[in-house]
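Asker: My structure is below; once you've seen it, I'll send some questions.
Values in this text are rule-based calculations from the coordinates and carry no lab data. A quick note: this is a predicted structure, and the numbers were derived from the prediction, not measured. When we count neighbours, we look across all protein chains shown, and the Cβ atoms used for this are built from the backbone with ideal geometry, even at glycine.
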Amino acid sequence: MARPATDPASRPGVSDTDPLLPYGSMRAQQTLFDVRPGVAPVTGYDEFVDAAGRVRPAWQELADCVRDRGRDGMDQLRAAVRDLVDNDGITYIQLEQPVDAPDGEDSAIPGPWHLDALPLLIDAADWDRLEAGLVQRSRLLDAVLTDLYGERRAVTSGALPPQLLFAHPGYVRAARGIEVPGHHQLFLHGCDVSRNSAGEFCVNADWTQAPSGAGYALADRRVIAHAVPDLYEQVGPRPASPWAQALRLALIDAAPESAEEPVVVVLSPGIHSETAFDQAYLAGVLGLPLVESADLVVRDGKLWMRSMGTLKRVDVVLRRVDALYADPLDLRADSRLGVVGLVEVLRRGSVTVVNTLGSGVLESPGVLRFLPELADELLGETPLLESVPSYWAGIDVERSHLLANLSSLLIRPVTGGDPIVGPELSAARREELAARIAAAPWQWVGQELPQFSSAPSDSLAGGLVSSSVGMRLFTVAQRSGYAPMIGGLGYVLAPGAAAYRLKTVAAKDLWVRTPARVTAESVSLPTLATSSPTVEISSPRVLSDLFWIGRYAERAEHMARLLTVTRERYHEFRYRRTLDGSDCVPVLLTALGAITGTDTGGGGDHAEMVATASTTLWSLTVDRHRPGSLAQSVERLGLAARSVRDQMSNDTWMVLSAVERALLHAAETPPDSKAEVEAFLSSASTLTLGGMLALSGVVAESMVHDVGWTMLDIGKRIERGLALTALLRATLSRVRQPVAEQTITESALVVCESLVSYRRRNPGRVSVAGVAELVLFDVENPRSLAYQLDRLRAHLRSLPGSSGSSRPERTVDEIATRLRRIEPDELEGVTADGRREEFDGLLAGIHRDLRELSRVITATHLSLPGDMQPLWGPDERRVVR
């Protein structure tokens, strides 16, 4: 799927103040469907109205729905779709650098997924023709793939010039001889289709490397069905979900014959892939583990999945990593996305990878040009779906046509690379390109510019417009042929020449009509009679992300509480600095600095610290580049959660997306209005705190309490202990005036969510011993340190391989022993310089030990093995005598 534009409203000529012109001639639509002055009118086939201006029958319910809603109703629908997209956590990653970037670098930003509120409808008769052509095209590409890595009859017969095969980067020499079990070598096929001006369907591109978009298509259907349930019920589009069941069964069926209960995984490049959501959502729908290269290992000539100190055999891999990156041993040595030794395992036939390595050659523009000849040679058939007309410069007459029409063609190199849009070329660039083509004509293919039909679109700029549209369709191999998804991923194309590169600005749900109306509610999904058990994945990589989800969520909750109470005390005393209690403000600001490890201003000068407090509080709330800030914790929580999306409850995204919307898009500098600053900071902290509490509930009540949940809760308990000890040390380790002491103590207890209990136990008095009794020693207080240690001890003992005396368990026991040896009253002792030395020493030591515990858990449970492992079994090592 092409990257959606992030600001479609920036198109030339689009303005919310422009007068509106009618979309079509139907009076009922004149005030709703519009085009904008300054935007070139969409030409070609109109999906919505016929040549006489009448609404086509397939679109009548939608036209009535839009008319009945009116402009206000459509605005509400647009907002509802946007909220549903956010609540489901549907995102598209905006890449800032290559996917295979060094670890630790920010290489991607989760961006919004733009979904048009109006679906794209296809008449039942049109779909029948489209489906027949699509299935035949999948059969044809399957035959081509089988031949190109097998007999190569197409090459030897002259149906396909050999340079078009061997020069394309999608051709993988190492894949020759590797076969997918079953009747088909092409497992999954994606196909971009649009209508030409005559209303006939035409293929603009085939996607066979690692087709993306099926997950988005299924997620979009869920959103639109919830957004317009009345229209969904009236139209009754044919359901797309049975295709997911067919895909799962096909994956199981693709396993090697030796696999009794096949284990299937989805191999992802990771969170920095553009379509990370698509991969994770599809894995979730299929009920399959989403893995990355770090989760897999080759041993004894087989592929295994790491799982909490053990290995589980993998039989089938649904590959979303480009073929050349799949194995750094036999393919690209610089890849960090693949599995060392995967190619050799494939040659042995002990695992199946789909789409098979080397299937990307079918995306070559050279193969597209010769598909009619290949169809005749390999199938004895004529393609039912036409491809965009193409011209190979290796043929004299076609080269002449290509050179004569450079300004009106799409020029594509057969050696790989981005297409060149002829209408964008200057005279000098056309001359340069013509010289390059003349020097190496076999490297170039010219294609007619793709044509697109138009349909009503809920413009992101506001209002309903006529837009160019296309669709991506999918098929999956079955024993008897290919099963198409009924529908697919529709899209609104970007304006201007960008559309020729298939760049899009929004997705559309694709609804296929049927003569006998079938509502989604009446469809019963097929039973998975030949199902396979889903293997839970608990690799070090997954467990590490879950561990940090627990830590970042707790860190965000604690920071939201501390920022709130600090801001309240600041406003209480900012104009009354002579009052005794005003000392609490610099103390709380110092605590913020100690907890985040950043400078909160003043260089120790309390007056300067208070003077710059407003800027400090803004930065600690919204600056996602500042260590320990609220925004940084929320951003990293989101990244960790999306890395293990298949492990998380769907409700996670409803909570997390609301917090991200409130926090991560603020300006770096505060507004001039102090009222606006306070309103934003108050709202951000409140929403974050509410979100983290809701997330805690979702995790506790909706996640299975398996080893992954256990590791998440371990992270939460460690972070709570670290925050508690750092806070108490920064606020109560020194004696202050009685009024300030009381204010500071109560502020710290508010952050610890223990003030109400403290007041009940200690009416009218302030004592460090009373605070310690409640938040350090009370095992029944879920906010106390003793409670965190009890939970940590229980969790560590429940982990697989626990011995009762492992290093993490010993560390927790040592902390608990240190705590038990102290009596609360002993912490009241004060030195001559006003320090509570025993109190400070206890907290400093426990804080240090908790950090060490985190490091030890990371080293023992969350790190990959550091030693080199043999790729093949001992029976295959060369024996030197």
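Asker: Any chance you could tell me what percent of the C-alpha pair distances in the range 187-248 go past 18 Å?
Answerer: Everything past 18 Å amounts to 54 percent.
Asker: On to the next question. Once every DSSP H run of n ≥ 4 in the chain is given -39500 (n - 2.57) and the sum is divided by its residues, what mean residue ellipticity at 222 nm do you get, rounded to the nearest 500 deg cm²/dmol?
Answerer: It comes out at -13500 deg cm²/dmol, rounded to the nearest 500.
Asker: Ordered by residue, what ³J(HN,Hα) values in Hz, to whole numbers, does the range 64-72 give under the Karplus form 6.51 cos²θ - 1.76 cosθ + 1.60, where θ = phi - 60° and Gly and Pro are x?
Answerer: Result, ordered by residue: 5, 4, 5, 4, 5, 6, x, 5, 4 Hz.
Asker: For E852 and R152, what does the FRET efficiency come to when R0 = 45 Å and r is the distance between their Cβ atoms, rounded to the nearest 0.05?
Answerer: That pair, E852 with R152, gives E of 0.15.
Asker: Further, regarding this structure: How high is the relative contact order of the chain? Use alpha-carbon pairs under 8 Å, at least six apart in sequence, and give a whole percent.
Answerer: Once normalised by length, the contact order is 15 percent.
Asker: Compute for the range 548-702: radius of gyration divided by Kirkwood radius, i.e. Rg/Rh, restricted to C-alpha atoms, rounded to two decimals.
Answerer: Dividing the radius of gyration by the Kirkwood radius yields 1.01.
Asker: Which order do the peptides 562-573, 832-843 come out in when sorted by mean C-beta neighbours inside 10 angstrom, highest first?
Answerer: Put in order of decreasing packing, that is 562-573, 832-843.
Asker: Taking the highest mean first, how do the peptides 739-747, 395-403 order by number of other beta carbon atoms within 10 angstrom per residue?
Answerer: The packing order, highest mean first, is 739-747, 395-403.
Asker: Using amide H atoms built in the peptide plane, which far-off residues or other-chain residues are under 5 Å from S754 H to H?
Answerer: For S754, no residues qualify.
Asker: Return the long-range amide H neighbours of A506 (sequence gap of 5 or more, or a different chain), with a cut-off of under 5 Å between placed amide H atoms.
Answerer: Answer set, sorted by chain and number: V492.
Asker: While we're looking at this one, here's another question. Stokes-Einstein D for the range 161-209 at 37 °C, 0.692 mPa s, Kirkwood Rh over Cα pairs, in µm²/s?
Answerer: In µm²/s, the coefficient is 239.
Asker: Based on DSSP, what percent of beta bridges with both residues in the chain are antiparallel, to the nearest 5?
Answerer: 75
Asker: Over the range 705-862, what portion of Cα pair distances is larger than 18 Å, expressed as a whole percent?
Answerer: Every Cα pair in the range 705-862 considered, those over 18 Å come to 58 percent.
Asker: For the range 262-275, take each phi angle, set θ = phi - 60°, evaluate the Karplus expression 6.51 cos²θ - 1.76 cosθ + 1.60, and give the result in whole Hz per residue in order, putting x for glycine and proline.
Answerer: Result, ordered by residue: x, 9, 10, 10, 10, 8, 10, x, x, 5, 8, 6, 4, 10 Hz.
Asker: From zero up to wherever the largest Cα-Cα distance of the chain sits, split into 10 Å bins and tell me the percent of pairs in each.
Answerer: P(r) for the chain, in whole percents per bin: 2, 11, 18, 21, 18, 14, 9, 5, 2, 0.
Asker: How large is ³J(HN,Hα) for each residue in the range 364-381, as worked out from phi by the Karplus curve 6.51 cos²θ - 1.76 cosθ + 1.60 (θ = phi - 60°), to whole Hz, x for Gly and Pro?
Answerer: Residue by residue, the range 364-381 yields 5, x, x, 5, 4, 4, 9, 4, x, 5, 5, 5, 5, 5, 9, 10, x, 10 Hz.
Asker: Starting from the alpha-carbon convex hull of the range 256-359, give the projected area averaged over all orientations, in nm².
Answerer: 6.7
Asker: With unit charges on the beta carbons (Lys and Arg positive, Asp and Glu negative) and the dipole taken about the Cα centre of the range 303-403, which residue among V339, I395, M305 sits farthest to the positive side?
Answerer: Result: M305.
Asker: Once you treat every alpha carbon in the range 642-695 as an equal point and sum by Debye, what is log10 I(q)/I(0) at q = 0.17 Å⁻¹?
Answerer: Summing over Cα pairs of the range 642-695 leads to -0.60.
Asker: Rounded to the nearest 0.05, what FRET efficiency do R821 and S673 give with R0 = 51 Å and r taken as the Cβ-Cβ distance? Could you check?
Answerer: Rounded to the nearest 0.05, the efficiency is 0.40.
Asker: Taking all pairs of different Cα atoms in the range 777-830, averaging 1/r and flipping that mean, what Kirkwood radius in angstroms comes out?
Answerer: Kirkwood hydrodynamic radius for the range 777-830: 12.2 Å.
Asker: What ranking do 643-651, 74-82 get when scored by the average of other Cβ atoms within 10 Å per residue, highest first?
Answerer: Those peptides, ordered most packed to least, come out 643-651, 74-82.
Asker: Also, quick follow-up: Hey, which lysines would be in cross-link range of K716, C-alpha to C-alpha under 29 Å, not counting anything within fewer than 8 residues on its own chain?
Answerer: K312
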